[in-house]
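Asks: Got a structure for you, questions after.
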Amino acid sequence: MTSKITSTLPTEVIPASEDKKSRGFKVFIFSLSTNFMFLLALYNAVISVFIPNQVQQITDASGGSKVAALALIFTLMSVFTFFDQPLAGALSDRTRSRFGRRTPWLVGGTFIGGMALAMVAHQTTILGLTLFWVIAAVALNAAQGPMSAMMPDRVEPKRRGIASGFIGAAQTGGGTLGIIFGGWIANRDLAMGFYIFAIGIFVVSLASCIINREESSKDLPYNPLSFKQLVTQLWINPRKYPDFGWTFAARFVMFLGYQMIVNYQLYILRDYIHLSNADSNVIIGTMASIQLAALLISAVVCGYLSDKFQVRKPFVIVSSLVIALAYMFPLLMPTETSMLIMAGVLGLGYGCYMSIDMALMTQVLPNKGANAGKDMGVFSIANKCPQMIVTPLGALILSLTSSYTMVFTFAIIMVIASACLIMPIRSVK
């Protein structure tokens with residue numbers, strides 16, 4: 001790998017070396033943030049806009065249930081990607097190649113994922129759509145696990161608030177831009193939207209790896225790992241590492257609440273706010289624009305303040321409560337205006353949450369991050385499991401109540417619970 005930012009510089013180091021190191025840090029964070037931004041734009045455009053539109057087209061023609069079909073697709077996606085990131089991260093920790101540990105996974109995963117995503121555009125059945133999207137999701141998650149490990153690989157703990165702030169802003173900003181673009185192009189050429197993301201994710205990832213070239217890992221010490229050991233190492237004992245356990249639990253319930261709204265956002269606009277299909281595609285883009293402006297400011301400012309005061313927990317707790325507040329607006333006032341207000345408040349809360357939560361995760365890793373690829377991948381389970389649960393759970397709630405009121409209520413309870421679970425963490429302020 002390239003010389004790590006975590007190395008300790010001697011006191012007599014010349015200013016030019018400091019400048020070079022500072023430039024290297026900035027280039028690394030910018031390119032990695034760009035990669036995360038495009039990946040999250042892809043995820044949000046496909047999950048929140050492209051697939052729901054495609055599912056509705058298929059079910060309208062066949063007479064099926066769009067909610068049930070969407071639940072099936074996202075549940076299968078979650079099942080097949082459940083251990084994807086931690087396994088890929090653990091394997092990348094032990095990858096020995098002249099291109100380094102993370103690069104082969106990032107480039108290979110986005111190439112296969114892009115090819116499968118392009119095939120999704122041509123599907124006219126739920127079976128075909130599910131098959132190719134699951135392949136794409138598995139490949140892209142295999143790239144994301146090693147990508148997430150790059151930050152603890154190269155950034156020292158005291159600078160991770162700034163780094164996490166920019167990466168968090170890029171993730172949330174990219175996700176928002178993905179919805180804006182997705183809503184715009186869905187009314188024009190849905191297939192072209194799939195092609196743009198399929199090609200773009202590979203190009204952006206390849207460029208990021210070229211800019212941040214890793215040194216050869218061929219000569220690094222290698223510890224053989226059997227499949228049984230690999231699977232058992234995915235278990236991190238919360239009794240032994242309680243702060244890891246609390247952070248994992250908090251992230252789990254946060255995404256259980258957050259994904260409950262995100263996954264059904266387009267259908268909320270159509271069936272709860274009662275907008276037309278075309279209008280809902282436009283409004284979802286407008287909401288994303290509002291959310292983007294709020295979260296970019298929130299993520300960068302909170303990342304800076306978190307590093308300045310060297311605290312993480314208060315930011316994560318408050319941001320969780322702000323997200324809960326955002327969901328109160330459409331719950332109490334189911335109108336187009338309330339959805340736009342929700343977008344702005346949600347941007348402030350989610351931008352802060354994503355920027356600081358990543359820094360918090362890197363500081364509770366077992367053994368000071370010695371197995372960062374595997375351990376950051378384990379944290380991804382806290383995202384994947386809610387994705388597997390939330391869509392069928394949402395479908396169940398809707399089938400029992402025929403209303404999105406309980407969907408919002410459930411989401412609010414979950415994000416408040418997330419704030420409570422952050423409080424017992426002791427090793428991080």
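The values are calculated or read from the model by the stated rules, or taken from the named source; none is laboratory data. Computed from a predicted model, the values in this text were never measured in an experiment. Methodologically, a virtual Cβ is constructed for each residue, glycine included, from the backbone with ideal geometry; neighbour enumeration extends over all protein chains shown. These area figures cover heavy atoms from the full protein model, side chains too; ligands, DNA and RNA do not enter into them. Shrake-Rupley method; radii C 1.70, N 1.55, O 1.52, S 1.80 Å.
Asks: Only one of M328, M333, M423 is surrounded by fewer than 17 Cβ atoms within 10 Å (Cβ to Cβ) and closer than 26 Å to A163 by Cα; which? Lay out the reasoning, then the answer.
Replies: Details: M328 fails: closer than 26 Å to A163 by Cα; M333 fails: closer than 26 Å to A163 by Cα.
The unique qualifying residue is M423.
Asks: Could you tell me whether region 155-167 includes any residue that is outside any helix (DSSP H, G or I) and not aromatic (F, W, Y)?
Replies: If we filter region 155-167 for residues that are outside any helix (DSSP H, G or I), which is where we start, we get 155-156.
If we keep only those that are not aromatic (F, W, Y) as well, we get 155-156.
There is at least one residue in region 155-167 that is outside any helix (DSSP H, G or I) and not aromatic (F, W, Y).
Asks: Ok, one more. What number of residues within region 258-282 are touching a Leu at 6+ places or on another chain (Cβ under 7 Å) and surrounded by fewer than 21 Cβ atoms within 10 Å (Cβ to Cβ)?
Replies: The initial filter retains those residues of region 258-282 that are touching a Leu at 6+ places or on another chain (Cβ under 7 Å), namely 269, 275, 280.
With the extra rule that they be surrounded by fewer than 21 Cβ atoms within 10 Å (Cβ to Cβ), the set shrinks to 275.
Looking only at that region, the number is 1.
Asks: What pairs come out if I take residues in region 289-301 that are under 24 Å from W184 (Cα atoms) and open to solvent by 60 Å² or more (accessible area, probe 1.4 Å) and pair them with residues that are among the aliphatic types (A, V, I, L, M) and modelled with pLDDT of 85 or more whose C-beta lies under 7 Å away, six or more apart or interchain?
Replies: Partner pairs satisfying both residue conditions: I290/L340; I290/A343.
Asks: Still on this structure: Does T103 satisfy being more than 19 Å from the chain's Cα centre (by Cα) and either free of Cβ contacts under 8 Å to residues at least 12 places away in the same chain or surrounded by fewer than 24 Cβ atoms within 10 Å (Cβ to Cβ) (or both)? So that I can check it myself, show each step before the final result.
Replies: Numbers: more than 19 Å from the chain's Cα centre (by Cα): yes; either free of Cβ contacts under 8 Å to residues at least 12 places away in the same chain or surrounded by fewer than 24 Cβ atoms within 10 Å (Cβ to Cβ) (or both): no.
Judged against the criteria, T103 is not a match.
Asks: I would also like to ask the following. Considering only region 302-325, how many residues are surrounded by fewer than 19 Cβ atoms within 10 Å (Cβ to Cβ) and not in a helix (DSSP H, G or I)?
Replies: So the answer is 2.
Asks: Further question on the same structure: Give the residue, chosen from M260, M287, that is assigned to a helix (DSSP H, G or I) and under 17 Å from the mean Cα position of the chain (by Cα).
Replies: Working: M287 fails: under 17 Å from the mean Cα position of the chain (by Cα).
Being assigned to a helix (DSSP H, G or I) and under 17 Å from the mean Cα position of the chain (by Cα) holds for just one of M260, M287, which is M260.
Asks: Just to verify a result, which residue in region 112-171, among those that are crowded, with 24+ Cβ neighbours inside 10 Å and among the hydroxyl-bearing types (S, T, Y), is farthest from A288 (Cα to Cα)?
Replies: Looking at residues that are crowded, with 24+ Cβ neighbours inside 10 Å and among the hydroxyl-bearing types (S, T, Y), I get S148.
Asks: Among the numbered criteria (1) crowded, with 23+ Cβ neighbours inside 10 Å; (2) over 23 Å from G173 (Cβ atoms), which one does Y350 miss?
Replies: Of everything listed in (1) crowded, with 23+ Cβ neighbours inside 10 Å; (2) over 23 Å from G173 (Cβ atoms), Y350 misses just condition (2).
Conditions (1) of a type in the set (A, V, I, L, M, F, W, C); (2) more than 24 Å from F28 (Cα to Cα), marked per residue:
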site	(1), (2)
L70	yes, yes
F82	yes, yes
R96	no, no
G100	no, no
T103	no, no
V107	yes, no
T110	no, no
V134	yes, yes
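Asks: Give the residue, chosen from S48, S78, S62, that is out of contact with any Gly (no Cβ under 8 Å at 6 or more places or on another chain), open to solvent by less than 10 Å² (accessible area, probe 1.4 Å) and either among the small types (G, A, S) or modelled with pLDDT under 85 (or both). Step through it out loud before you land on a result.
Replies: On the way: S48 fails: out of contact with any Gly (no Cβ under 8 Å at 6 or more places or on another chain); S62 fails: open to solvent by less than 10 Å² (accessible area, probe 1.4 Å).
None of the other options fit; the residue is S78.
Asks: Which pairs do you get when a residue that is farther than 12 Å from M150 by Cα and among the aliphatic types (A, V, I, L, M), found in region 369-389, comes within reach of a residue that is part of a helix (DSSP H, G or I) and at pLDDT below 75, reach meaning Cβ atoms under 7 angstrom, with the pair 6+ apart or on two chains?
Replies: Filtered contacts from region 369-389: V378/P86; I381/P86.
Asks: Something else: Which of the residues spanning region 402-412 are modelled with pLDDT under 90 and open to solvent by 60 Å² or more (accessible area, probe 1.4 Å)? Lay out the reasoning, then the answer.
Replies: To start, the set of residues in region 402-412 that are modelled with pLDDT under 90 comprises 402-403.
Selection gives S402 alone.
Asks: Moving on to the next point. Might you check whether a residue that is open to solvent by less than 10 Å² (accessible area, probe 1.4 Å), farther than 29 Å from R98 by Cβ, within 18 Å of the chain's Cα centre (by Cα) and not small (G, A, S) occurs anywhere in region 176-190?
Replies: Yes, some residue in region 176-190 is open to solvent by less than 10 Å² (accessible area, probe 1.4 Å), farther than 29 Å from R98 by Cβ, within 18 Å of the chain's Cα centre (by Cα) and not small (G, A, S).
Asks: Hey, any hits in region 318-327 for a residue that's without any contact (Cβ under 8 Å) to a residue 60 or more places away in the chain and closer than 22 Å to P152 by Cβ?
Replies: yes
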